[in-house]
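Data block below; observations after.
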Protein chains: 2
Amino acid sequence: MTALHLKTAEIEKATHSDFFNIAVSVDCVIFGYAEKQLKVLLIKSDLEEFKGMWSLLGDLVRINEDLQEAPYRVLLDRTGLKDVYLEQVHTFGSINRHPSGRVVTTAYYSLINLCNHQPKQMENEVHWHPVNEIQKLAFDHKLILDTCLAQLREKIMEHPIVFNLLGEKFSLRQLQDLYEAILGVELDRRNFRKRITLKNWLVDLNEMEEDVPHRPGKLYKLRTQLKKEYQVAQKQNLEGTLV
Amino acid sequence: MTALHLKTAEIEKATHSDFFNIAVSVDCVIFGYAEKQLKVLLIKSDLEEFKGMWSLLGDLVRINEDLQEAPYRVLLDRTGLKDVYLEQVHTFGSINRHPSGRVVTTAYYSLINLCNHQPKQMENEVHWHPVNEIQKLAFDHKLILDTCLAQLREKIMEHPIVFNLLGEKFSLRQLQDLYEAILGVELDRRNFRKRITLKNWLVDLNEMEEDVPHRPGKLYKLRTQLKKEYQVAQKQNLEGTLV
DNA sequence: ATACATTATGTACTTTAAACACATTATAGC
DNA sequence: GCTATAATGTGTTTAAAGTACATAATGTAT
């Protein structure tokens, strides 16, 4: 008879470490976008075994918080961002994935608007890294990053989620640059425009780009309806620095 | 400073229950196919709180096994099947999802050939249930089932995985019945044939159905190449009862 | 033999995707 | 101011894939 089929009274009598012998953590692949590059927020690992290497932001799940709330807490603590877009991707649980003990970790990726949020990010050895320049990371975090990136790539053509990486207003060129940065391929400008406009995700703002060294493009925003559904207002920043 | 950033020496000094206070389990949504219905293998819950209700097959992850091995062990123990097709879907970790304590569970679905494997299944209050007749289950298992079914539905048109639910040889009608059972919709026979044959998944065996009360259809099998990639030989049964 | 059910195959129409051409509107240099 | 340049905005053409629907072929049952 296995532990899960014990009755409550029995499970309480059992030795604590019989059941609670694996730690549970979350790791966040925090994606940002700047300089036409997809970036990920990393922290210097302070474990001896991974001295000098970079790792994802993560933490143990607390006894009094839901699993799905843990990544929100990690993001709030480390970046000051609230209500970001988060998606669970996969749970990694190889025996020796963490040198300090048995830790099973659930990976989430999040999409945040890098432009609006510079202040808190540089503290504590936390830095943005271009995704395609990352060769290896501490723990199994490179695998986790690759898994999250693959899932992100699969999702972006069907669901309007990349707008979490952009400002409120953007041109189609900016949007295409973003898609190209994520997918790692070049896209045909005319076909891209057609695919996007057919999805009816965007609203033409009847405004033009300003201060660009070429012919200004029209500005668009994500439809309000979809914004509610797929995009999360970054309240903290909206009430502060944002337009 | 959080636990994950403690150095190894420090983590060992800390109280055990500071870190290992959440149990980790796996739950398996075991899909089978019979009588033109998609079925799932369930067990009678023996927890007081869910007396008389059905639940998924699951177990705590052991300290000396990888997370991804745990569902294989559960399937081997409960059904006797080895090398089945398994896919991780999602991890559920709400605080109160398990009445006996804090348990985070990772859900997997598996596809097994129900025809080849009758012997061990009936022991221990384990039964097959038609998926579309299931109203509620113990714990959050109905949510887990729905999540796995949704993921299965998304995957089957792009990846040749449903063949794990069928025997070696099958007619296009049998294959269509299976797709209809999984998707819960009726499909046009002629268009279905076209879509499947365009994918180049099948090999025409130049054999016909036998003992059917109508005109026999051609028999096909999954291409060997794909079988290696997506389908796992059910060794135990292949060496025993199977053709 | 005939009626009937099921398999097997084909055709026309629509939608989607890919490759490519051209006109428009701004900046920059002269 | 004029022109070259570079980016934006809008097409067309062609092929591929998806949908709706029709017909012929092959078996069983009466």
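What do you reckon, how do A:L38, B:L187 stack up by accessible area (1.4 Å probe), largest on top? Working shown, then result.
Details: A:L38 10, B:L187 50 Å².
Ranked list, largest accessible area first: B:L187, A:L38.
3J(HN,Hα) along the range B:106-114: 9, 9, 10, 10, 9, 10, 10, 7, 5 Hz, from the Karplus curve 6.51 cos²θ - 1.76 cosθ + 1.60 with θ = phi - 60°, whole Hz, x for Gly and Pro. Largest first, the extents of the alpha carbon coordinates of the range B:27-105 on the three principal axes equal 37, 33, 21 Å. Per-residue 3J(HN,Hα) values for the range A:186-195, derived from phi via the Karplus relation 6.51 cos²θ - 1.76 cosθ + 1.60 with θ = phi - 60°, read 8, 10, 6, 4, 6, 5, 4, 4, 5, 4 Hz in sequence order (x marks Gly and Pro). If you wrap the range A:168-238 in the convex hull of its Cα atoms and look at it from every side, the mean projected area works out to 6.0 nm². Dividing the mean sequence gap of close Cα pairs (under 8 Å, 6+ apart) by how many residues the range A:23-155 holds gives a relative contact order of 35 percent. In this rough spin-label picture, where each label sits 7 Å from Cα along the Cβ direction, the A:N64-B:D204 distance is 6.9 nm. Rolling a 1.4 angstrom probe over the protein heavy atoms with all chains in place gives the range B:22-155 an accessible area of 39 Å² per residue.
Each residue of the range A:168-181 was assigned a 3J(HN,Hα) from its phi angle through the Karplus expression (A = 6.51, B = -1.76, C = 1.60, θ = phi - 60°), giving 4, 10, 7, 8, 5, 5, 4, 5, 5, 4, 5, 4, 5, 5 Hz with x at Gly and Pro. Sequence-distant contacts, meaning Cα pairs under 8 Å at least 6 residues apart, place the relative contact order of the range A:168-238 at 35 percent.
Near A:K39, the amide H atoms lying under 5 Å from its own belong to A:G32, A:Y33, A:A34, A:V131; only residues 5 or more places off or on other chains count, and H is placed 1.01 Å from N. Here, P(r) means the percent of Cα pairs in each 5 Å bin from 0 to the largest distance; for the range B:22-155 it is 2, 10, 22, 25, 23, 13, 5, 1, 0.
Longer than 24 Å from Cα to Cα, which of A:K155/B:K199; A:K39/A:K221; B:K36/B:K169; B:K39/B:K155; A:K44/A:K169; B:K169/B:K199 are they? Say none if no pair is. Over 24 Å Cα-Cα: A:K44/A:K169. Taking every protein chain into account, the 1.4 Å probe leaves B:V203 with about 50 Å² of accessible area, to the nearest ten. The accessible-area loss of the range A:63-98 on complex formation, taken against its chain alone with a 1.4 Å probe, reaches 20 Å² or more at A:I63, A:D66, A:L67, A:Q68, A:R78, A:Q88, A:H90, A:T91, A:G93, A:S94, A:I95, A:H98. Buried surface between chains A and B: roughly 4200 Å² of accessible area, summed over both sides, computed with a 1.4 Å probe on protein heavy atoms only. Near the amide H of B:Y85, within less than 5 Å, lie the amide hydrogens of B:L111, B:V232, all on another chain or at least 5 residues away, with H placed in the peptide plane.
Between the amide H of A:F139 and any residue lying 5 or more places away or on another chain, no distance stays under 5 Å, with hydrogens modeled in the peptide plane.
The values are calculated or read from the model by the stated rules, or taken from the named source; none is laboratory data. Everything numeric in this text was worked out from a predicted model, so none of it was measured. Every residue, glycine as well, gets a Cβ built from its backbone with ideal geometry; the counts of neighbours run over all protein chains shown. We work out accessible area using only protein heavy atoms, side chains counted, and drop any ligands, DNA or RNA first. Shrake-Rupley method; radii C 1.70, N 1.55, O 1.52, S 1.80 Å.
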